Amino acid sequence: MATTPTPTLHLAPSAQGHPRRWLILGVICLAQLTVLLDNTVLNVAIPSLTEELGAGTSDIQWMINAYSLVQSGLLLTAGSAADRYGRKKMLLAGLALFGIGSLVAGLAQSTGQLIAARAGMGVGGALLLTTTLAVAMQIFTPGEQPKAIGIWSAVNALGFAAGPLLGGFLLGHFWWGAIFLVNLPVVALGLVAVVALVPESKNPRGDRPDLPGALLSTVGMTSLVYAIISGPEHGWISGRVLATAAVAVVVLATLAYWESRVPYPMLDLHFFQDRRFTGAVAGAVLITFGMGGALFLLTQHLQFVLGYGALEAGLRTAPLALVVVALNFSGLSARWTGRLGMPVSIALGMVLMSGGLVSIAAGPGGYGATLVGLVLIGAGAAIANPAMAHAIMSAIPPAKAGVGAGLNGTLAEFGTGLGVAVLGAVLNSRFAALIPVAAASLPAALGAAGSGEERREIVAAFSSGVQTSLLVGAVAVLLGGLLAAGLLRRAEKGVGEVEGA
């Protein structure tokens, strides 16, 4: 029996939206969750991989970094490809590549095979992360987009919280390959659901592919992320880091020049003339800088300062994600944004998130202040993050939704990586200045301690370093929120003055 082909959406969504939009949102969120779980679940398997595959420290680092490097480097290119060739096609391609990579990773017999499989999964992950948000923008009406993006954002938080728990469960009952093979039934379900439900959409102009722009973007972003990842390990003034950073600067500058000259640019630099876009971009970088670095510090705070194990620490960070999920799935954050307006919502969210970081940093040495801080951060993230993503996506023409989603993901990767690097450097500097022995890390310092008193001083020094870094992160989050809110407020006034003229 012949089936009716799924129509292709070329223009902005209709006033009614797609009739099966909420079901489609569930499908693309499932695909998104699969990618996000894989970002965090591998950390739990590190001891098993070290034992069963004989993986060294550098092998483990490349297992983690191969995925993030490939994914972050390809986000803009993947978004551009989705706009040109069809977002449904790229969503299917992303699922297929992610599934194949998961199968190869689960059956890998060596560290080299696992690293290669992770790189392949990064390609699929880049396609999935860009197309899911782009599809959501196409199938929902402008009035429903904030709630849809809120749910999409809640899935991000759910992946952050559930990854370590799922990984711990699987490793407690199966061998390490199960953390990858569990993706296969989800991928299979996603492929069937996307084929049956998701409409095709693409740029109606059919712009020529900007291959030089895609190459420059991939090389530039990969080099930049690699420099940020390598800085803490090899030293910020090492030859490797400086050379890679120099390549990133030169290539990205060349990209900007090329995109300003080419007739069909992958990333239209005229977007930056829009105050809404500029405000959202500036705010997104500073917010992810503060939050990414602070969450990196939070795990160390829970384990090294408060004394929890890895699984216990994972469970105790869950309230943050649960608050985000509750507020976004209930639609409360979208309703607040509708009533307060985007600038005020972003400012309020950032104030809450900043207050949460201060609560963790300044609270007494127990979990109570940390719990209060996590709840505040979760509430702030539930309000601000969807509003920020919607600000970026709504400032870009619907035909370029894939590029907008790719840029949103790129900003998150860049800000988070920079936050981990900079706030980690603040922690290390403060720690080194306070400890009574010469050492580069907490375990090394504790090993060199000659007495119980010295060990207590070392732990107190590390706690002080974490507190200082969290406060720096809080300032970055607050400044990011106020900057974005101010620019967006000015943009709204400018639009109102034009319309009223």
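The values are calculated or read from the model by the stated rules, or taken from the named source; none is laboratory data. Just so we're clear, the structure is a prediction, and the values are computed from it rather than from any experiment. Backbone-built Cβ (ideal geometry, glycine too); neighbour counts: all protein chains shown. Only protein heavy atoms, including side chains, enter the accessible area calculation; ligands, DNA and RNA are left aside. Shrake-Rupley method; radii C 1.70, N 1.55, O 1.52, S 1.80 Å.
Summary table below
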item	result
Cα centroid separation - the range 262-333 against the range 352-431, whole Å	3 Å
4 °C / 1.567 mPa s Stokes-Einstein diffusion coefficient of the range 214-269, Kirkwood radius on C-alpha pairs, µm²/s	110 µm²/s
About the Cα centre, charge dipole magnitude for the range 112-271 (Lys/Arg +1, Asp/Glu -1 at Cβ), debye	100 debye
In the chain, lysine pairs closer than 17 Å at Cα, eight or more apart or cross-chain	5
Cα-based helix-to-principal-axis angle, 367-394 vs the chain, degrees rounded to 10	30 degrees
Accessible area of the chain belonging to carbon and sulfur atoms, whole % at 1.4 Å probe	68 percent
Residue-by-residue Karplus 3J(HN,Hα) for the range 135-144, coefficients 6.51, -1.76, 1.60, Hz, glycine and proline x	5, 4, 5, 7, 8, 9, 6, x, x, 8
Kirkwood Rh, angstrom, the chain [1 / mean 1/r, Cα pairs]	23.3 Å
Residue-normalised accessible area of the chain, given per residue in Å² at a 1.4 Å probe	41 Å²
Cα-projected label distance for Leu189 with Arg456, points at 7 Å along beta-carbon direction, nm	5.3 nm
His270 accessible area, assembled protein chains, probe 1.4 Å, Å²	120 Å²
Point-to-point label distance, Ile64-Leu181, nm (Cα→Cβ direction, 7 Å offset)	2.6 nm
Estimated D of the range 221-310 in µm² per second, where Rh is the Kirkwood radius over Cα pairs and Stokes-Einstein applies at 4 °C, 1.567 mPa s	80 µm²/s
Charge dipole magnitude, Cβ of K and R +1, D and E -1 - the chain, Cα centre, debye nearest 20	1040 debye
Helix-only CD estimate at 222 nm, as mean residue ellipticity for the chain, using -39500 (n - 2.57) per DSSP H run (n ≥ 4)	-27500 deg cm²/dmol
Along each principal axis, Cα extent of the range 59-214, largest first, Å	48, 37, 26
Rounded, prolate or oblate (a/c below 1.5 giving rounded, otherwise prolate when a/b exceeds b/c) for the range 137-281 by Cα gyration tensor	oblate
Per principal axis, descending, Cα span of the range 66-130 in whole Å	38, 20, 13
